[in-house]
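The next block holds one structure in the form of structure tokens; read it before the comments.
The values are calculated or read from the model by the stated rules, or taken from the named source; none is laboratory data. Predicted, not measured: the structure shown is a model, and the values here were computed from it. Positions of Cβ are backbone-derived with ideal geometry, glycine not excepted, and every protein chain shown enters the neighbour counts. SASA here: full protein model, heavy atoms, side chains in, ligands and nucleic acids out. Shrake-Rupley method; radii C 1.70, N 1.55, O 1.52, S 1.80 Å.
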Amino acid sequence: MRVTLYGKPGCHLCDDARAIVEQVCGELGVGWTEIDITQDPALFEQYGEQIPVTFVDGRQHDFWRVDPLRLKKALTTK
């Protein structure tokens, strides 16, 4: 999986980010996964104020909002 989305249930920004990640990754044929930070106290403490947080290839890419053009560029640029 190249993209990881950290979020939590009931978060409208997470819902928006999920839709963008799903769309961009689907267009590019790139795998992605979502992690619920409420299931891990360490993740909740680390990202609780920044969600949604996206990672591309293990490196933090964005938080709060996902820009589809920026994500697409990150996934297509080596």
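Please compute the per residue accessible area over the chain with all protein chains in place, 1.4 Å probe, rounded to a whole number of Å².
Values: 4970 Å² over 78 residues.
In whole numbers, the chain has 64 Å² accessible per residue.
For every helix of n ≥ 4 consecutive DSSP H residues, a contribution of -39,500 (n - 2.57) applies; sum these over the chain, divide by its total residues, and give [θ] at 222 nm rounded to the nearest 500 deg cm²/dmol. Mind showing how you got there, number by number?
Working: 3 runs with 33 residues, N = 78.
After summing the helix terms and dividing by the residues of the chain, the value is -13000 deg cm²/dmol.
Near residue 20, within a Cβ-to-Cβ distance under 13 Å, what is the net charge of the other residues, with Lys and Arg +1 and Asp and Glu -1? Let's see the in-between values first.
Working: positive: 18, 65, 70, 72; negative: 15, 16, 22, 27, 34, 62, 67.
With Lys, Arg at +1 and Asp, Glu at -1, the neighbours total -3.
Short version: ³J(HN,Hα) in whole Hz for each residue of region 20-31, in order, from phi by Karplus 6.51 cos²θ - 1.76 cosθ + 1.60 (θ = phi - 60°), x for Gly and Pro, what are they?
Karplus values, whole Hz, x for Gly and Pro: 5, 4, 4, 5, 5, 5, x, 4, 8, x, 9, x.
Calculate the tail of P(r) for the chain: the fraction of all Cα-Cα distances greater than 17 Å, expressed in %.
Details: 1095 of 3003 pairs.
Counting every Cα pair in the chain, those more than 17 Å apart make up 36 percent.
Using the beta-carbon distance between residue 36 and residue 16 and R0 = 25 Å, what value does 1/(1 + (r/R0)^6) give for FRET efficiency, to the nearest 0.05? Don't skip to the end; give the middle numbers.
Working: r = 16 Å, r/R0 = 0.66.
According to the calculation, E is roughly 0.95.
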